[in-house]
Every structure is written in structure tokens, then in C-alpha cells.
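The values are calculated or read from the model by the stated rules, or taken from the named source; none is laboratory data. Since we're looking at a predicted model, the values are computed, not measured. We place every Cβ from the backbone using ideal geometry, glycine too, and count neighbours over all the protein chains shown. Heavy atoms of the whole protein, side chains included, go into the accessibility calculation; ligands, DNA and RNA do not. Shrake-Rupley method; radii C 1.70, N 1.55, O 1.52, S 1.80 Å.
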Amino acid sequence: MTVLDHRPTMPVPGWLPGATGPRTDPAPLLPDDSPVRVLGTTGLDKYDPDLLRELYRRLVVGRRYNQQATTLTKQGRLAVYPSSTGQEACEVAAAMVLQEQDWLFPSYRDTLAVVGRGVDPLQALTLLRGNAHTGYDPRATRTAPLCTPLATQAPHAVGLAHAARLRGESVVALAMLGDGGTSEGDFHEALNFAAVLNAPVVFLVQNNGYAISVPLTKQSAAPSLAHKAVGYGMPGRLVDGNDVVAVHEVLAEAMERARSGGGPTLVEALTYRLEAHTNADDATRYRQSEEVTAWQEHDPVLLMERQLKALGLLDEAAVSSASEQAEALAARMRAEFHAEPQLDPASLFAHVYAEPTTQLREQAEQLAAELAAEGDR
Amino acid sequence: MAQALNAALRDEMRADPTVHLLGEDVGQLGGVFRITDGLAAEFGADRCLDTPLAEAGILGTAIGMAMYGLRPVVEMQFDAFAYPAMEQLVSHVAKMRNRTAGKLALPITVRVPYGGGIGGVEHHSDSSEAYYAGTPGLHVVTPATVGDAYGLLRASIASDDPVIFLEPKRLYWSKAELDTAAEVAPVGRAVLRRTGRSAVLITYGPSLPVCLEAAEAAKAEGWDLAVLDLRSLVPFDDQTVCEVVRSVGRAVIVHESTGFGGVGAEIAARVTERCFHHLAAPVLRVTGFDIPYPPPMLEHHHLPGVDRILDAVAKLQWEE
Ligand SMILES: Cc1ncc(C[n+]2csc(CCOP(=O)(O)OP(=O)(O)O)c2C)c(N)n1
């Protein structure tokens, strides 16, 4: 007789209090068979043309923001920029579906969503410029700091949403991650906590095909990243991440589900990063130009522009107005970034603890003395 | 001490409805050491939350809760099982105030039962204080008395900064009258547990009773030893430590965690830098060996005991 013969039999669901067995029928949790699309379908009819034009305007301005930021890295004005060029539909839609009281938990690539949330476009860049970690007030803007360690912001979103729900407040947290981030333990722990706590959270995975150089096939063997939701007991949705209307629709549904007590949702948006991982990366080492060209045909800004023009929803005036706004923002970025930033070395010690320790006070004095001596020289 | 900690949690939860506990088995069971005993019954499952088994998830969720105005108290079941949460601790808990230029503070208390001497098998006896103390942004506190267990835990929960609250496991069963109204020295202040004129033993947490015993035994050899209980590793009380060292001129640091790169090395360096001319002998350390925590049947060889401390004291009769 082996140990295995003593294996306890699986309890029948419902057999014992707390018995094992699926608590949710997996069928309704399974992701969409193919990515949800709205552009080019009759689904567009129900959309308010003003909302469509607003989405378009934001895409155009967002694209310009990405381009200008990338240029600033080339000029050495910005330390690093992980561009979301090609992913603007996700960034724009994510910001648009949030209500004022909701919280955004962005990763380093999501500056555009942060800006879409209403954060000043220049303050959103302090981390990447290198002059301050977080240039905005997270509490006032309900936007967590841009998060660099992968997926670690996901459990924060869960905790915040859980706390808000305990307080009876209608707050939904939206956490944004990349495809690579879904391999991290924190992602899985966050999904599990969210489902167990029934927390009002939406996880948006922007699957842009690569984690730096590693393609999705080496990241995950799952049928889709959206499938990962099922095992935790939440629905997974699959959406065309370059179709801004579709992303908006799927996210808005998930937000509404969370807001009405239906619990968390995992949304996988299929998209593509048209630029390298950051300005420091050489994407030609790991991907073919044909692939990039194919995705350029599926560019989120082009898709939307073509569609709206075909429907007669976009006149020349709207197009030029959007591009003027984009140029104005770019000009503001150039002007600001060509000026030297104000830096206060004393701030190094200001926010380590509520009250600086004796040791920090001594070190602050030491630095002040060093600076004074430099000034005298 | 376990009851004092329980009373501290209860009193803080009564006083402040934003105090929430979360961790593994903290609800119905009351924690494996029963520190949260009865709290779920009194405050409900939401305020004393049994979480899924995932330390990073627990601490990460606590971060979000703190961002929304709650005061989470996290229980890590054992010292060595807190390591999966290290990323959340180092990258977020410790740094959030700094990253946000003071806009977002995280008033989280992380309770970690730590240290050996209870016959635990591996991964149940680590002394992880040096990892925490080496991380700017965290307060690191460890009580050694019943009164401190109560007072320091209440102060930690009330603190607007994150606190790693290290609970010396082997003192959980130590007994003393608890006077909840008694005044407790604030976090960041060391307390002289015993005065003495010939040398000072500088220690904290589980090693305090050992040092007191050693000081008693040293009387027979003509040594009148002071015993200083640090109580808080961060903030560190340079002032009291240096005052005592200057007055007696000889110091031995005692802790059970490994010596290399340990907290004792930091203290020795500080004392040497600040009190060099008052020292009649080099500052010595008595610590655990630089080994992974040993199997329980061998742990008594590793843990600094009275004899090892007395040997060190003897070396303080230093001649070049
Ligand atoms: C915990 C952690 N490990 C490694 C890194 C280094 N790193 C930065 S971005 C990145 C790739 C992330 O890819 P993905 O999640 O797909 O997001 P994308 O950059 O494509 O938006 C890596 C490995 C990191 N930031 N955090």
C-alpha cells in the first residue's frame, strides 16, 4: 500500500461546510472568444458622436505627447521615456472611464493615462525627467505614483478599493499592467485577493506583445492572459487594444460591474508598442520590421480617424483643432523642459519620516555645510 | 507579553475605528500565537481579516488600505515567512512618503514574531532586524518587557510612519503585571534597565533577560554592569547610548542575530566614532554565529548566553 492510497477523497461540493468545489460556474467567467471590436461594427451607432470626437482628440494629443517626450530624451532633457506610442487607445480609454472619486494605479508606461486623469502633463513626467519621484499629489488627483517594480501596484489597488468599500464609498480602482507583469507573483496575489474580497477593482493588462525583448509566447503558455482570471473566480475580457471605443466599452462595463458590487474583472487589451521599450532599447534586436509595419496599419489613431471620417463625424475643423491642441502641448513641454528644473537638495531629507531622525538631521546639516562651502569657493 | 500585545491591539481598535488587522489565521483562530485572540469576535471579520495565504498580497493590500485612510496592522506569521513581502516593504511601504514628497504616508504596523529559543524548526527562528533597520523609511521597534509590549505597540499603531514591530517570540510567555495606564518611554528612546559603573551591556528584545542575568552573575566577579535596552533600532537613540558609554567607558553589545553586518556592528561603529576618548577598551559584540539559524537541538550553542557575555566582559579589562 502506498501513501497515495490514503489520499482523502475529494469532498463533494456542498458536502461539508466550507467544502471544496467551484463556487462560481467557470463558464460565464471565460474570456471572449475573439477580441471585442466596436470600430467598423454597428456597435458604434449607440455612441454619442461627441464622446467619439473626444476620444479621437485625446488620441491625437496623446500621440503628440508621446512623440515630444521621446524627442526630449534624445535631447537629454528627459532621462528616460517608456513610450506608449501605439497603445494610446488603452491609455485614453482608461482615463476616460474613471469617475472623479476613482483611483488609478499606473505603471511606468502609463503617463498618458495619468495625464488623461487630469494630472498636469509636466508634473506627470518628473519621475522620468529625474527631478522628483512623483510630481503630483496622489491623494488630490486620486492617482497612485507611476509604479516601476512590476505588478506591485496591483495589490495596492485591491487594498484601496477594499477600504473604500468598507467605508461604503463608491470608489473603483483601476490597475494598469503590461503582459510581462502578469508573470509576477504580486499580480496573482492581487487577483486572488480581489476576487476573495470581492473588491471593486479592474485590472487592465496592456498586452503589447513584449516584455522588453521577451515575446508573449515565452512569458505565458495560457490561451490568453484574460484566461488567467477564471482560476481566481473573476471574468476575463479580451479586447482589441487599438480600438479605443472597444477598450472604452469593455472597461466601462467592468467599472460598472465593480461599482455595483459585482467584483473585479481582468481585461486584456491586445495592442502593440510601436516604439522600443524605452529610448535606451534597440527593438531591432528582437523583432522584425514586417511585424511593426503590420501593426502600423492597425494604428489606434489612424483607425479612429478613418472610421470617424467615413461616418462623417469628423470635419477638417475638428481635425485641425485636435492637432493645434497637440502642438500647443508639445510647445509647452519643450519650453518647460529646456528650462533648468528647480531642485532643492534639502528635500532629500524632508520626507523620509514624519519627523526626521537625529541621524537624518545630522546628515542634512552636513550636506548644508558642504553646499555652503561650495558656494564660498 | 502575548496578552499585553492583545490588549494593545484591542485598545487601539476600540480607540480608533480605522485600525484594521489582517494576516493569516488572525481571525477565528486568533493567530498561531493567539495575539489577536478574540478580536474578530469583538470587531468583526472586516476589522480582523483572515486573508489568503500570500505575504506580498497581504502587505500590498494593506498599502492600498492605508492609502485610503485606514491604519492596517499586519501580522506576519513568522520572521522567515515575511520575506515574500520584502518587495512590497522595501519598494513601497518604506518609500511611499518619500516618493510622494510627503503627500502619502503609510501608517502601517507590521508585526513580526522573531528570533529563536523556542525550539522551532528552520524558518521559524530568524532574526531579521538588520534587513529592516537597513531600509530607510521604516521604524524598527522591539519590546523586551510586558509594559513595553503594550505601550510600544500602541505607539506604533498610532504612528504616521510604517513600523516594523518585532515581537521576541521567546518572551511571549514572559509574565508581569500590566499597568495599561503606566507611562511608556516614546519610540526612539532607549531605557536603562539596570545601572552599573564598570561597563554597559547594550541589547534589545530577546537578549534583554539574558543580559540582566549576566549582569547579576557578573557581580560575583566584581563587575557592576549597566544594562541598556534599546527598544527601538530605528530611530536610534545615539544620545542615551553615548551618555551611558561615556559614563562607564566600556561596552558590550549583545544580540542573537548574526554578527556580520548586523545591528551590533552599526552600534559599535557609532559608539567608537562618538565616544572614542571615553573608551577604556574596544567595544565588543556578543552575537549569534554567522550561520543560518541552526536546528533546534543545537540552537543553544548559537544563542548568546550568560557565559559568552561574561567572557566578553572579562576581555574589557583591556591592556594593549
Ligand atoms: C520586479 C521587476 N523586475 C524587473 C523589472 C525590469 N523591467 C522593467 S520593464 C520590464 C518589462 C515589462 O514588460 P511588460 O510588463 O510587458 O510591460 P511593457 O514594458 O511592455 O509595457 C522589465 C523586465 C522591473 N521593472 N520590475
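Couple of notes before you dig in:
- The residues of the stretch B:216-268 expose on average 33 square angstrom of accessible surface per residue, using a 1.4 Å probe on protein heavy atoms.
- Taking 7 Å steps out from each Cα toward its Cβ at B:E319 and B:A41 produces label points 6.6 nm apart.
- Accessible surface, per residue, of the stretch A:136-284 when the full set of protein chains is kept, probe 1.4 Å, Å²: 29 Å²
- Placing unit charges on the Cβ atoms of the charged side chains and taking the dipole of the stretch A:248-377 about its Cα centre, the candidate lying farthest along the positive direction among A:M255, A:L348, A:V301 is A:M255.
- Cβ charges +1 (Lys, Arg) and -1 (Asp, Glu), total dipole of the stretch A:26-71, debye: 340 debye
- Straight-line cross-link reach from B:K103 at under 27 Å between alpha-carbon atoms covers these lysines, not counting any fewer than eight positions away in the same chain: B:K95.
- Label zone (A:S220, point 7 Å along Cα-to-C-beta; backbone nitrogen cut-off 14 Å) within the stretch A:257-284: A:265-271.
- Computed magnitude of the charge dipole of the stretch A:191-331 (debye, nearest 20; Cβ of K, R +1, Cβ of D, E -1): 780 debye
- GNM top mover of A:R287, A:R259, A:R109 - chain A, alpha-carbon springs below 10 Å: A:R287
- Value of relative contact order over the stretch A:234-377, rounded to a whole percent, pairs C-alpha under 8 Å and six or more apart: 17 percent
- Rounded FRET efficiency, nearest 0.05, which uses the C-beta distance separating A:E340 from A:A252 and R0 of 30 Å: 0.10
- In this structure, the amide hydrogen of B:S125, modeled 1.01 Å from its nitrogen in the peptide plane, lies closer than 5 angstrom to those of B:A80, counting only residues at least 5 positions away or on a different chain.
- Value at 222 nm in deg cm²/dmol, rounded to 500, when DSSP H runs of n ≥ 4 in chain A each add -39,500 (n - 2.57): -13500 deg cm²/dmol
- Within the accessible area of the stretch A:48-123, the carbon and sulfur atoms contribute 45%, probe 1.4 Å, all protein chains present.
- Once B binds A, the 1.4 Å probe can no longer reach about 3500 Å² of accessible area, counting both sides.
- Rounded percent of accessible protein surface that carbon and sulfur make up, the stretch B:158-217, 1.4 Å probe: 50 percent
- Rounded to 5, the percent of DSSP beta bridges in chain A classed as antiparallel: 10 percent
- Only helical runs count toward this figure. For chain B, summing -39,500 (n - 2.57) over DSSP H runs of n ≥ 4 and dividing by all residues gives -9000 deg cm²/dmol at 222 nm.
- Coordinate range along principal axes, alpha carbons of the protein assembly as shown, Å, largest first: 99, 82, 49
- Accessible area per residue, Å², the stretch B:91-201 with all protein chains present, probe 1.4 Å: 36 Å²
- Kirkwood-type radius of the stretch B:105-254, with distances r between different C-alpha atoms, in Å: 16.0 Å
- Residues in the stretch A:352-370 occluded by at least 20 Å² - accessible area, probe radius 1.4 Å, against chain by itself: A:V352, A:Y353, A:A354, A:T357, A:Q359, A:E362
- With 0.36 nm allotted per residue and the present C-alpha distance subtracted, the A:L302-A:K46 stretch has 90.0 nm of extension available.
- Within the same chain, lysines fewer than 8 places from B:K219 are excluded, and of the rest, those with a Cα less than 19 Å from its Cα are B:K315.
- Using a Förster distance of 51 Å, the FRET efficiency for B:D224-B:Y83 (Cβ separation, nearest 0.05): 0.75
- Relative to its residue count, the stretch A:191-275 spans a Cα convex hull of 86 Å³ per residue.
- Only Lys, Arg, Asp and Glu carry charge here, each on its Cβ (+1 for the first two, -1 for the last two); on that basis the protein assembly as shown has a dipole of about 300 debye about its Cα centre.
- For chain B: span of alpha carbons on each principal axis (Å, largest first): 62, 44, 39
- Only alpha carbons enter this Debye calculation for the stretch B:198-320, each as an equal point scatterer, and the log10 of I(q)/I(0) it gives at q = 0.16, 0.17 Å⁻¹ is -0.72, -0.81.
- Residues in the stretch B:61-80 that, when all protein chains are in place, have 30 Å² or more less accessible area than the chain alone would give (probe 1.4 Å): B:T61, B:G64, B:M65, B:M67, B:Y68, B:L70
- For B:A280 and B:D11, a Förster radius of 51 Å and the Cβ-Cβ distance give a FRET efficiency of 0.65, rounded to the nearest 0.05.
- The stretch B:243-320-the stretch A:303-377 distance, computed between alpha-carbon centres (Å): 49 Å
- The residues of the stretch A:166-197 listed by number as losing at least 30 Å² of accessible area in the complex, against the isolated chain and with a 1.4 Å probe, are A:L166, A:R167, A:D186, A:E189, A:F193, A:L197.
- Bridge type composition, the stretch B:180-320 - antiparallel percent by DSSP, nearest 5: 20 percent
- When the trypsin sites (Lys or Arg not before Pro) in the stretch B:153-187 are filtered for DSSP coil states and for at most 13 other beta-carbon atoms within 10 Å of their beta-carbon, the remaining sites are B:K175.
- The lysines within cross-link reach of A:K309, meaning a Cα-to-Cα straight distance under 29 Å and a gap of 8 or more places when in the same chain, are A:K46.
- Where labels lie 7 Å past Cα in the beta-carbon direction, separation of A:E290 and A:L371 in nm: 5.8 nm
- With a 10 Å cut-off around each Cβ of A:148-157, the average count of Cβ atoms from other chains is 6.
- For the listed peptides A:360-373, A:174-187, A:288-301, a ranking on the average number of other beta carbons within 10 Å per residue, highest first, reads A:174-187, A:288-301, A:360-373.
- Selected from B:E24, B:E299, B:E42 as most flexible by GNM, with chain B as the system and alpha-carbon contacts under 10 Å: B:E42
- Taken residue by residue and averaged, Cβ atoms of other chains lying within 10 Å of the Cβ of B:104-116 number 1.
- Cα centroid separation - the stretch B:132-155 against the stretch B:52-109, whole Å: 16 Å
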